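See below for the structure under consideration.
All of the numbers you see were taken from the coordinates with simple rules; none came from a lab. Since the model is a prediction, treat every value here as computed from it, not as a measurement. Cβ coordinates were reconstructed from backbone atoms using ideal geometry, including for glycine residues, and neighbour counts include every protein chain displayed.
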Amino acid sequence: MSAAADAAAAGPEALGPANSPWVSAGGLAPGPGSPALCWAALLACLSLACAYVGSLYVWNSHLPRDHPAVIKRRFTSVLIVSGLSPLFVWLWKELTGIKPGISLLVLLGFRLEGIVPATLLPLLLTMVLFLGPLIQLSMDCPWDWVDGLKVMFDPHFWVLCLSDMRWLRNQVIAPLTEELVFRACMLPMLIPCTGLGPAIFTCPLFFGVAHFHHVIEQLRFRQGSIASIFLSAAFQFSYTAVFGAYTAFIFIRTGHLIGPVLCHSFCNYIGFPAICAVLEHPQRLTVVIFYVLGMVLFLLLLLPMTDPAFFGDIPICSLPAASSGFSVCS
């Protein structure tokens, strides 16, 4: 177990000024979990979420969201907001008087220690969870494994992908900016208020609510009845919140941003499992077995494959956190 994990497991009382990289500088917050600290974290996270979603609508356009011109403009605004998002953490730090003794970039998951396992293990774990959909995809794919590998290593394939605005949005820009804003920047502000465990489930609420902006465009372009649009939005909120909790867990356990970004990109590619298609599949029993096997293996491997010992000292686990009854840092 890392030194940071040991300190976090010992509780906030073990994180005194002498051994904590976070030292109070006489700001708003008298201590972890204080009302002033929680209000500052809430307002900072809410402002950050509004800035991210608002950046998508600064452009006056009558075109749908998947139009290349709309995607390019949104790339510009969302990258600017995401690039400035660490300033929200810095401002929160200044207002609360919590002074980090470590680099802000390191706290946000930009570090080299343990980067190889942080890149591979979370992605492999997510692929285990999606074992059923992957097997289903391989059964339905007209290519064999050899053809698939040839395509994967064909430079022309990647040129086509990189020239596709929707692919860039779904596989690169959205995963990178959303994980930076909604995980890397929000979790350091929430943890001193809620504690490590509750922050995992609080942070995704901002992420889920942020996806409600799709309702605006669906109503605007009349993409279904009002009831179906809001029902779809409620469903999307549910699974994005669950997914957000998972990537928040990965971020805290690894202390790296790369893992959540790759998992996000992979899930965007696979999409939500087509349960109805499974029940109608010619090899239904085989596919169902792999679905169940994937979920069982995922639960068994969740903690071992995200053991903080693989990733060195976890900066976010050394935050002075309110007591939450359990630790995810050990």
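With a point put 7 Å past each Cα toward its Cβ, work out how far Leu112 is from Glu94 in nm, to one decimal.
3.1
For region 225-328, just say rounded, prolate or oblate: build the C-alpha gyration tensor, square-root its eigenvalues into a ≥ b ≥ c, call rounded for a/c under 1.5, and beyond that prolate if a/b exceeds b/c, oblate if not. Present the calculation step by step, with values, prior to reporting the outcome.
Working: a/c = 2.54, a/b = 1.54, b/c = 1.64.
It is oblate, given that a/c is not under 1.5 and a/b is not larger than b/c.
Please list, ordered by chain and number, the residues whose modelled amide H lies under 5 Å from the amide H of Ile98; skip anything fewer than 5 residues away on the same chain.
Excluding prolines and chain starts, which carry no amide H, the hits are Ala25.
Show me, for region 140-155, the HN-Hα J-couplings you get by feeding each phi into the Karplus relation (A = 6.51, B = -1.76, C = 1.60, θ = phi - 60°), rounded to Hz, glycine and proline as x.
8, 6, x, 8, 8, 4, 5, 4, x, 5, 4, 5, 4, 9, 8, x
Of the listed peptides 134-140, 277-283, what is their order by residue-averaged count of other C-beta atoms within 10 Å, with the highest listed first? Intermediate values should be presented prior to the final figure.
Details: 134-140: 14.9, 277-283: 12.3.
My ranking of the peptides, most packed first, is 134-140, 277-283.
Hey, what did region 97-212 get for relative contact order, percent, Cα under 8 Å, at least 6 apart? Working shown, then result.
Working: 26 pairs, mean separation 30.1, N = 116.
Relative contact order for region 97-212 comes out at 26 percent.
May I ask you to order 152-159, 294-301, 177-184, 105-112 by the average number of other C-beta atoms within 10 Å around their residues, highest value first?
177-184, 105-112, 294-301, 152-159
Compute the length gained on full extension between Leu42 and His281: take 0.36 nm times their separation in residues and subtract their Cα-Cα distance, giving the result in nm to one decimal. Don't skip to the end; give the middle numbers.
On the way: separation 239, 0.36 × 239 = 86.04 nm, distance 4.59 nm.
Gain on stretching Leu42 to His281: 81.4 nm.
May I ask you to list the residues of region 113-130 whose amide nitrogen lies under 11 Å from a point 7 Å from Cα along the Cα→beta-carbon direction of Ala309?
none
Please give the length that would be gained between Val151 and Ser163 if that part of the chain were fully extended, namely 0.36 nm times their separation in residues minus their C-alpha to C-alpha distance (nm, one decimal).
Numbers: separation 12, 0.36 × 12 = 4.32 nm, distance 1.63 nm.
Additional length available on full extension: 2.7 nm.
Report, by chain and number, residues whose modeled amide H sits under 5 Å from the one on Ser85, excluding near sequence neighbours (fewer than 5 apart, same chain).
When sequence neighbours closer than 5 places are left aside, there are no close amide H contacts.
Taking θ as phi - 60°, what are the ³J(HN,Hα) couplings along region 176-181 by the Karplus curve (6.51, -1.76, 1.60), each to the nearest whole Hz, with x for Gly and Pro?
3J(HN,Hα) across region 176-181, in whole Hz: 5, 6, 5, 5, 5, 6.
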